[in-house]
Amino acid sequence: MKQLLDKFYSPLVAVVWNLLLAYLTYQVARLAYYLENASYFHYTADVFRGGLLFDTSAILYTNVLWVLLVLFPFHRKETHGYHRFCKWLYVVVNGLALVINLADSVYFRYTLRRTTTTVFGEFANEGNLGSIVGTELLSHWYFVVLFVVAMPALWRLYATPRLDRRHLNRWGYYPVCFLSLLLFIPLCIAGIRGGFTTAVRPVTISNANQYAERPTDAALVLNTPFALIRTIGKNVFAVPGYFSDEQQMAAVYSPIHQPRIPALNSQFNKKNVVILIVESFGREYIGALNKTLENGRYRGYTPCIDSIIGLSTTFAHSYCNGRKSIDGMPSILSGIPMFVEPFFLTPASMNKVTGVAGLLGEEGYETAFFHGAQRGSMGFQAFARATGFQQYYGREDFNEDSRFGGDDEFDGMWAIWDEPFLQYYCAKMDEMAEPFMTAVFTASSHHPYHIPEKYHDVYTEESLDIHKCIRYTDMALGRFFQEAARRPWFKNTIFVLTSDHTNQSDHAYYQTDLGGFCSPIIIYEPGDSIRKPGIQDKLAQQTDILPTVLGMLNYPKPFLAFGIDLFNTPADDTWAVNYLNGIYQYVKHGQVLQFDGQQTKAVYSLNDSLMKDNLVGKTPWQKEMEQELKAIIQQYMERMIEDRLIP
């Protein structure tokens, strides 16, 4: 077959053959990786399928120049010397990829993860790398043999376009090359990104968890060239060195939560936990949380949630910990804020990490995550699996449920409309054994701000495009709570409602550095509760959700979260933190301190809603707040780099 391809006219056929040969090379490397470390892995069909996704991205990253050289439409390049150069380029690039993958097969046992660019910093000061490599080559001689056999095979199986420019039919040559190149470019972009659709973000190493039964299996899904390429410039976590003594730093701040002393003698209260993460549902849109806005005339866009707030505990100053969906997920479900870059888009995403699902799952809870988009969208499935969710339900699962409208309920861009998907969410919880913990991520209040056709005359255009979407989603949430109230599990459930981040704004307060992080945190406990409903005069943030919920349950074990138990922390000790364009914002004692990592740039009173009067150097709280923020930052950075996100 190879001989036939060598004689075939089209360079496109040679490109296809050689890319398939590259796939085979990566699969051989993955098999070697598995066999070397078989006791660590479960090699499943999902691992193979996910491996193809990451191999596609790596192969296109590394071979794009070679493809362009072969397909470039210029007849004078069709010479023996030119194609011999292309052949050398192909073999060297893919041979190097094979070497990197084989070497990482050996290194895996030391790290339990694929090697990323952090390895260069890790071994930058080592002077014995030559002897280490030599020793490993001797002890893993079979990889040397595999490489020695594979390289000649790669050379011999390479297909070279047989085009003699002296007798070339240019009328056929140029159209074929042009069309081949036009076909390759979008396929290359999609392959590198991980898909065509608008809902797919560029695939990153954390997406490997989507195809892995356990976090360790994610290393088998990945390949090392991809892990290196996608972490270039992403080594964003650096320990600042504010504290030289670990105990001194821990005395100022530690993210490790120990069980409260009364809880040691109290029964673990195994209530169900339901967390609703509502797309772009900023605090600005909620009338009940803005009673002083517009001189008390503001009614907001959320009458259904306003009624729920009347039965719930909320907080006067509540904030999200990031500005993107990928920031909100770790903050809400794992107690990990966004500092510098989204945690799950960095090499630290392969650290051992858990969250409310993983912790409660170990205590006998059934756990599930719901998102109405296609599987893999936004990286949520990978995050859910990595943090301990046992089940994931997305658009495909909704479509398979005959009780609902299938893809007729798809919004055409992102996901299933909120109203039907939240009804599906409620119905699926009926099928779960108590106690259960679930989370849902809604999607309809998202750009391009469309709502279902049947509601166009119900929720009309207002001052901002998003307002009609907020009204629609509020209605969908109201219907969800109406349905949930009929269920036997309803009064044995803690509901938490928040947003992933904020969005469009038409009030100056919500357009400031801090105002852009104002998200609601609503805790609704419809059964018997010792807590009275109302708005507490406390600071709150997304990372408080995990410790607060576990505190309500009397969870009996230590855990990590960069937040506090809001119900067992005095108002003066509540705080919030977020990161914005190189600035850490730390809120406490009625003030917000802005710190660039080296020095405080500004301090504002929360009463100064438009952040106009800089109080730096004028407030007695500044030094204390600086010290606490430094401890938070250093704890975060050290634990990210040292893989210490679990006590």
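Rank by packing, highest mean first: peptides 362-369, 530-537, with packing defined as the count of other Cβ atoms within 10 Å averaged across residues.
So the order, starting with the most tightly packed, is 362-369, 530-537.
Please give the solvent-accessible surface of residue 456 in Å², to the nearest 10, using a probe radius of 1.4 Å with every protein chain present.
Accessible area of residue 456: about 80 Å².
Taking the Cβ of residue 444 as the center, what net charge do the other residues with Cβ under 14 Å away carry, scoring Lys and Arg +1 and Asp and Glu -1?
For residues surrounding residue 444, the net value is -4.
Find the centroid of the Cα atoms in region 466-522 and in region 252-307, then give the distance between the two in whole Å.
Computed from Cα coordinates, the inter-centre distance equals 10 Å.
Which lysines have a Cα less than 28 Å from the Cα of residue 77, not counting those fewer than 8 places away in the same chain?
2, 7, 87
When every alpha-carbon pair in region 248-398 is counted, what percent end up more than 18 Å apart? Kindly include the intermediate steps, with their values, before the conclusion.
On the way: 7825 of 11325 pairs.
Distances greater than 18 Å cover 69 percent of the Cα pairs.
Report the relative contact order of the chain, percent, no decimals, based on alpha-carbon pairs under 8 angstrom and at least 6 residues apart.
18 percent
Any chance you could give the angle, 0 to 90 degrees and rounded to 10, that helix 170-193 forms with the longest Cα principal axis of the chain?
30 degrees
Can you tell me the dipole magnitude for the chain around its Cα centre, using point charges on the Cβ only (Lys, Arg +1; Asp, Glu -1), in Debye to the nearest 20?
Magnitude of the dipole: close to 2040 debye.
Hey, what number do you get for the chain at 222 nm if only DSSP H runs of n ≥ 4 count, each worth -39500 (n - 2.57), divided across all residues, to the nearest 500?
That calculation yields -13000 deg cm²/dmol at 222 nm.
What do you get for the angle between helix 418-430 and the principal long axis of the chain? Use alpha-carbon atoms, 0 to 90 degrees, nearest ten.
Tilt of helix 418-430: around 80 degrees.
Please name whichever of 207, 242, 333 sits farthest to the positive end of the charge dipole of the chain, dipole taken about the Cα centre and charges placed at Cβ: Lys and Arg +1, Asp and Glu -1.
The one lying farthest along the dipole's positive direction is 207.
Roughly how tilted is helix 80-111, in degrees to the nearest 10 and between 0 and 90, from the longest Cα axis of the chain?
Helix 80-111 sits roughly 50 degrees off the main axis of the chain.
Net charge around residue 574, counting only other residues with Cβ within less than 12 Å of its Cβ (Lys, Arg = +1; Asp, Glu = -1)? Each step should come with its number before you reach the end.
Numbers: positive: 538, 588; negative: 537, 544, 565, 572, 573.
Summing Lys and Arg as +1 and Asp and Glu as -1 gives -3.
Hey, which lysines would be in cross-link range of residue 557, C-alpha to C-alpha under 19 Å, not counting anything within fewer than 8 residues on its own chain?
Filter leaves 270, 271, 352.
Taking the alpha-carbon distance from residue 454 and a cut-off under 21 Å, which lysines remain once sequence neighbours fewer than 8 residues away in the same chain are dropped?
Of all the lysines, those that pass the test against residue 454 - Cα under 21 Å, at least 8 places apart if same chain - are 468.
Where both partners of a DSSP beta bridge lie in the chain, what percent of those bridges are antiparallel, to the nearest 5?
So the antiparallel bridges amount to about 50 percent of the total.
To one decimal place, what orientation-averaged projected area in nm² is obtained for the convex hull of the Cα set of region 513-626?
Average of the hull's projected areas for region 513-626 equals 8.4 nm².
Excluding ligands, DNA and RNA, what is the solvent-accessible area per residue of region 384-524 at a probe of 1.4 Å, expressed in Å²? Spell out each step's value before the answer.
Working: 5290 Å² over 141 residues.
I get 38 Å² per residue for region 384-524.
Summing Lys, Arg as +1 and Asp, Glu as -1, what charge do residues with Cβ under 15 Å from the Cβ of residue 647 carry, residue 647 excluded?
Charge balance in the 15 Å sphere: -1.
Taking every pair of alpha-carbon atoms in the chain, what share in percent sits in each 10 Å bin, from 0 to the bin with the longest distance?
Each 10 Å bin holds this share of Cα pairs: 3, 14, 23, 23, 18, 11, 6, 2, 0, 0.
Highest mean first, what order results for 335-346, 26-37 on Cβ atoms within 10 Å? Mind dumping the intermediate values first?
Details: 335-346: 24.4, 26-37: 18.6.
So the order, starting with the most tightly packed, is 335-346, 26-37.
Using a probe of 1.4 angstrom, how much of the accessible area of the chain is carbon and sulfur, in percent?
In the chain, the share of accessible area belonging to carbon and sulfur is 57 percent.
Any chance you could list the semi-axes, whole Å, largest first, of the equivalent ellipsoid that the Cα gyration tensor gives for region 325-420, using √(5λ)? Walk me through the numbers before you get to the answer.
On the way: eigenvalues 137, 58, 19 Å².
That gives 26, 17, 10 Å for the three semi-axes.
Given 548, 91, 320, which one lies farthest toward the positive end of the charge dipole of the chain, if we put +1 on the Cβ of every Lys and Arg and -1 on the Cβ of every Asp and Glu?
91
Ranking request for peptides 56-64, 596-604, 278-286, 134-142: highest mean number of other beta-carbon atoms within 10 Å first, then the rest in descending order. Before the final figure, lay out the partial values.
Working: 56-64: 20.8, 596-604: 15.2, 278-286: 26.2, 134-142: 11.9.
Result, highest mean first: 278-286, 56-64, 596-604, 134-142.
The values are calculated or read from the model by the stated rules, or taken from the named source; none is laboratory data. Remember, predicted model here, so these are calculated numbers, not experimental data. For neighbour counting, all protein chains shown are included, and Cβ atoms are generated from backbone atoms with ideal geometry for every residue, glycine included. For accessibility, only protein heavy atoms count, side chains too; no ligands or nucleic acids. Shrake-Rupley method; radii C 1.70, N 1.55, O 1.52, S 1.80 Å.
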